[in-house]
Amino acid sequence: MRSTIASLFIGLLGFWLALGDLPLSRGDDGLPPDAMLAKKSGKRPKKKSKPPKIENLSLSGTIEIVQANALKFKTDKSSKSSNGKGGKNAGGQEWIVYPQPNTTVEIDATATLDYLHKGQIIEFTGLLSGDTIAGSVESLTIVPKHGHALGIDGKPGKAKDEGIGGGRIAPPKPIVDPDLDVAADDTTTTTTTTATDAGTSKPKAVAAPTRRTKSSVKTSITAKIVSCNDKALEVEAGSRKIHLTLSDIPTIQVVLDDPRLVAPGAKVAVQGRGYRAKSGNVCQADSLKVTLIEPLAAKKKPTPSSSFKLP
């Protein structure tokens, strides 16, 4: 009987000693199991990385690098970031911007005459006489193909439209303009009486006040270029074709939404959300406005600059 109890005691003691070698909860030095194992191996336990802090961003600066799906720029002093606690200066920093499918993009630039080509949508104003713009057009703007209805004064152009005084556009009402010369047949005279110091009266013929008027006004036209021969353009506003001639040095503005036009050196303004990281500051853009420094010209495409490592 005693030998049986002794054998049972020795068995329980061995089992207990075996359990003492296992990291069930804490080691002899009070460390948790992972820390105790790290102590034995000589390595520190890895700290769990915290998720990045998302900030609302309003950034502006100069583009340094352009890639197909992102661009890198350095912010100026006016850049701000906030997270619901007021603005924080974000100037002098480098940010990587990722445009999204729903990002609003606007590219502002100027262009040389040779940049005009068939298929572009342009907006301009001019004095429409029949199907020809009288005089020369001093300036025009190239706009995106979508979101701009072709027509005259906001209405679709019609082939039978004869312009000012025609079936579609009513003649404009006279506009008072004191700088215009008075037509000869508009001048009338009247007789008035003025008193002299002696109390006598003497008839005096004076010119009656006349309204100075414009006989015509310029119209606003949105049209697609059908043909382009130097300064002579043929455009199509709806079903109506219009001929116009540009001035010797026309001003050509560009307001497009094609990200492929973005080039290093351009100014950029970004609205969006992002975070800061050791590998780089990242912004997901809601809106992206780029102002190009160099005028756009024919067959001149921005060349991609050196690549950068994405975070």
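A few remarks follow.
- The stretch 98-132, residues that are over 21 Å from residue 254 (Cβ atoms) and not aromatic (Phe, Trp, Tyr): 100, 101, 102, 127, 128, 129, 130, 131, 132
- Hey, residue 96 touching a Phe, Trp or Tyr at 6+ places or on another chain (Cβ under 9 Å) and either surrounded by fewer than 20 Cβ atoms within 10 Å (Cβ to Cβ) or hydroxyl-bearing (Ser, Thr, Tyr) (or both) or not: no
- Checking the stretch 28-45 against the condition returns no match, with no residue being out of contact with any helix residue (DSSP H, G or I) (no Cβ under 6 Å at 6 or more places or on another chain), modelled with pLDDT of 75 or more, surrounded by 13 or more Cβ atoms within 10 Å (Cβ to Cβ) and not aromatic (Phe, Trp, Tyr).
- Listing of strands (runs of 3 or more DSSP E) fully contained in the stretch 87-151 that carry 2 or more residues being closer than 29 Å to residue 226 by Cα and modelled with pLDDT of 90 or more: 94-110, 121-129, 132-134, 137-143
- Enumeration of residues in the stretch 116-137 that are exposed (fewer than 15 other Cβ atoms within 10 Å of the Cβ), under 16 Å from residue 243 (Cβ atoms) and under 26 Å from the mean Cα position of the chain (by Cα): 118
The values are calculated or read from the model by the stated rules, or taken from the named source; none is laboratory data. Bear in mind the structure is a predicted one, so any value in this text is a computation, not a measurement. Note: ideal-geometry Cβ built from the backbone for every residue, glycine included; neighbour counts use all protein chains shown.
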